[in-house]
Amino acid sequence: MRTFTRTASDTHRRTRVLATAALAAAMVLMMVVPSYGATTVNLHTPHVGASSTTFNNEADDGGLSAAVVWHFVLNGLDRGTSAAELTVTFAGAGTSVVSARVVGQGQTQHFYVGTSGHDVLAGAYAMVDSEGTGNLVLSHVSYDQVEPPLDEPPVDDPPVDEPPEDYPPVDE
């Protein structure tokens, strides 16, 4: 009859294999569990295509120092909802991802996104761990003086002088 005896190196090797498998399983769970139950809330349809030059301008910039600050609100969430993530795409500035500022007991969340100048909102959605979802809306934009887009002439250009009617002089 044959007996098997483990050496110290066999035990260490087996321990390392089990530890590696446990670490791999933990990493897989960390990637899967947070996304479980996550809900996508799309931007309120009438706000898609909003321009910062024409949308409601208010002073609340959320403490950001960007030239134009876009303030989004997500409401109707379950009590105790953790901070959501907002993905927003602008026609000029591209895509940004920001985390919410949780208000009260998590049922309302605010997002502030800055752009370097005026832009158009192409779309947005929030990912949130909440069964209850209300609306994701653009509340307002905030800006003081922002240079006009390059395709618009500056407003303060002096008018072009018309040449006098007798210019060039006519020979008689």
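Some notes on this structure:
- Based on the Kirkwood approach, the hydrodynamic radius assigned to region 40-102 is 13.5 Å, with every pair of different Cα atoms included.
- Note, ³J(HN,Hα) from phi for region 120-126, Karplus 6.51, -1.76, 1.60, rounded to Hz, x at Gly and Pro: 10, 7, 7, x, 6, 8, 10
- Gyration tensor (alpha-carbon) shape descriptor, region 57-136, a/c threshold 1.5: prolate
- Put simply, the amide H of Gly117, placed in the peptide plane, has neighbours under 5 Å in Val68, leaving out anything fewer than 5 places away on its chain.
Every number here is computed from the coordinates shown, using simple stated rules; none is lab data. Since we're looking at a predicted model, the values are computed, not measured.
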